[in-house]
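In what follows, a structure is listed as structure tokens, so that the remarks can point back to it.
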Amino acid sequence: MIFEILTLFPEFFSSPLKQSVVGKAIVKGIIQVTAHNLRDFTLDKHKTTDDSPYGGGHGMVMKVEPMARAIEALKAGRPDATVVMTTPQGERFTQKTAAEFASLPALIIICGRYEGYDERIRAFADREVSVGDYVLSGGEIPALAIVDAVARLVPGVLGEPGSSESDSFSAGLLEYPQYTRPEEFRGMTVPEVLLSGNHASIEKWRRREALKRTFQKRPDLIPLADLTDEDRAFIEELKRGKV
């Protein structure tokens, strides 16, 4: 899969893209990530990418011409790419969104800065996404989050093909508790069921713990999850405080 990032700060991505899962996937050629300097698509000698807003107001606004020129240049080479705008006004980026993006051949991610985008830039984007209800200095951190979340769902990126399937949000629930050696640490012990070797019991425990954790920490996810009748009965027990 290919990621093209449009940014005023391409050097921002240098170190993160060399690390961990994403870095290894790039070295192996499973994914390709390129950060393009938006200033390279300007025509004036000052390489201007922003200007003061019409109607007055605080801050500067990203200009439409260089952004449109940059998107069109990248799309010319990758006509099947989906253009993603990072903006607080976009749809919430979720695990479901990441899975949708992972099925695409290429993404062009545009990073905002300053006071925001010239509204006409939206005409060149296919999707608008937000990584949360807060404001950052620019779209570079959201772009990195998108690349990381999407890349790990691309076949071959993770060492264990099924390891992403139990991640939080993948099944609509938070992930169950995890443990490793030692069995006891300062009086805190590993649940006996995980040491039993009974895989059916372990799977049942994990499912219930995922339901319990989601019910306690993110109850808003419960109505959206794919639940069985047994799951629903267990949640009713949680509501009545019987578990």
Being in contact with a Gly (Cβ under 9 Å, 6 or more places away or on another chain) and assigned to a helix (DSSP H, G or I) is the filter here; which residues of the range 97-141 pass it?
Ile121
Take the conditions assigned by TED's automatic domain parsing to the domain that holds Leu74 and surrounded by 17 or more Cβ atoms within 10 Å (Cβ to Cβ) and apply them to Leu173. Does it pass?
no
Return the residues of the range 142-172 that are farther than 15 Å from Ala99 by Cβ, at pLDDT 90 or above and either part of a loop (DSSP other than H, G, I, E, B) or hydroxyl-bearing (Ser, Thr, Tyr) (or both); say none if nothing qualifies.
Gly156
Here are some residues: Val154, Val147, Val129. Which one is within 28 Å of Lys28 (Cα to Cα) and surrounded by 20 or more Cβ atoms within 10 Å (Cβ to Cβ)?
Val147
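In the range 176-202, which residue that is in a helix (DSSP H, G or I) and surrounded by fewer than 12 Cβ atoms within 10 Å (Cβ to Cβ) is farthest from the chain's Cα centre (by Cα)? First the steps, then the outcome.
Taking the range 176-202 and keeping what is in a helix (DSSP H, G or I), we get 192-195, 199-202.
So of that shortlist, the ones also surrounded by fewer than 12 Cβ atoms within 10 Å (Cβ to Cβ) come out as 192, 199-200.
Working: Glu192: 35, His199: 31, Ala200: 32 Å.
Here the answer is Glu192.
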Can you pull out every residue in the range 75-123 that is among the aromatic types (Phe, Trp, Tyr) and at pLDDT below 95?
Tyr114
Counted residues, the range 1-25 - those being surrounded by 20 or more Cβ atoms within 10 Å (Cβ to Cβ) and assigned to a helix (DSSP H, G or I):
4
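The values are calculated or read from the model by the stated rules, or taken from the named source; none is laboratory data. Treat the numbers as computed from the prediction; the structure is a model and nothing was measured. A quick note on method: Cβ atoms are made from the backbone with ideal geometry, for glycine too, and the neighbour counts reach across all protein chains shown.
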